[in-house]
1. Please go through the range 57-92 and pick out each residue that is of a type in the set (Phe, Trp, Tyr) and closer than 30 Å to LEU115 by Cα.
2. So LYS18 ticks every box in (1) out of contact with any helix residue (DSSP H, G or I) (no Cβ under 8 Å at 6 or more places or on another chain); (2) closer than 20 Å to GLU117 by Cβ but one. Which box is left unticked?
3. What's the number of the condition LEU56 fails, among (1) surrounded by fewer than 11 Cβ atoms within 10 Å (Cβ to Cβ); (2) among the hydrophobic types (A, V, I, L, M, F, W, C); (3) at pLDDT below 85?
4. For the range 93-105, does any single residue satisfy the condition of being of a type in the set (Gly, Ala, Ser), farther than 24 Å from GLU117 by Cα and in contact (Cβ under 8 Å) with a residue 24 or more places away in the chain?
5. Do we have any residue at all in the range 74-87 that's of a type in the set (D, E, K, R) and touching a residue at least 12 places away in the same chain (Cβ under 8 Å)?
6. May I ask you to list the residues in the range 103-117 that are under 30 Å from the mean Cα position of the chain (by Cα), closer than 10 Å to ALA72 by Cα and either polar (S, T, N, Q) or surrounded by 15 or more Cβ atoms within 10 Å (Cβ to Cβ) (or both)?
Amino acid sequence: MKSNCTLVHDALIDEWDKQREDAKAEIASLRDRLAKAERAHDELMSKYADTQAWCLQWRDDKAKAEASLALAVAELHNIANSRPHEWPEETRNQFQPWAQSRARHAIAAVAANPLPEAP
């Protein structure tokens, strides 16, 4: 027959074994949850990287379009503010075809670099 100390000892060992098995199961569950969270994090970072690249490209495209528009506006402004009536006749005669050509070029430059849509 076992003594009370042995019975208590055996009960404590059984309880410890049970708690150890529960702890192992909990650790395995937490590791699984961590792995799932890491995969979700990686997916989000991948999507973010794609979005970040797209936003940077949009910013560059917008800057190019704005620069093209600014140049076109400056060119058209210069043409509009010119005073051909003060020029010699030969220069005046050449001005209209030149001005039309420059205006077409400025408009084409703006059309070739439209402002991109905002994200």
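The values are calculated or read from the model by the stated rules, or taken from the named source; none is laboratory data. This one's a predicted model, so the numbers in the text were calculated from it and none came from an experiment. Counting neighbours? That spans all protein chains shown, and the Cβs are built from the backbone with ideal geometry, glycine included.
1. Of all residues in the range 57-92, those of a type in the set (Phe, Trp, Tyr) come to 58, 87.
Of everything in the range 57-92, just one residue is of a type in the set (Phe, Trp, Tyr) and closer than 30 Å to LEU115 by Cα, namely TRP58.
2. Only one criterion in (1) out of contact with any helix residue (DSSP H, G or I) (no Cβ under 8 Å at 6 or more places or on another chain); (2) closer than 20 Å to GLU117 by Cβ is unmet by LYS18, namely (2).
3. With (1) surrounded by fewer than 11 Cβ atoms within 10 Å (Cβ to Cβ); (2) among the hydrophobic types (A, V, I, L, M, F, W, C); (3) at pLDDT below 85 applied to LEU56, the lone miss is (3).
4. Filtering the range 93-105 for residues of a type in the set (Gly, Ala, Ser) gives 99, 101, 103.
Subset that is farther than 24 Å from GLU117 by Cα: 99, 101, 103.
When the remaining residues are screened for being in contact (Cβ under 8 Å) with a residue 24 or more places away in the chain, the result is 103.
Within the range 93-105, one or more residues are of a type in the set (Gly, Ala, Ser), farther than 24 Å from GLU117 by Cα and in contact (Cβ under 8 Å) with a residue 24 or more places away in the chain.
5. Yes: the range 74-87 contains one or more residues that are of a type in the set (D, E, K, R) and touching a residue at least 12 places away in the same chain (Cβ under 8 Å).
6. Result: ALA109, VAL110.
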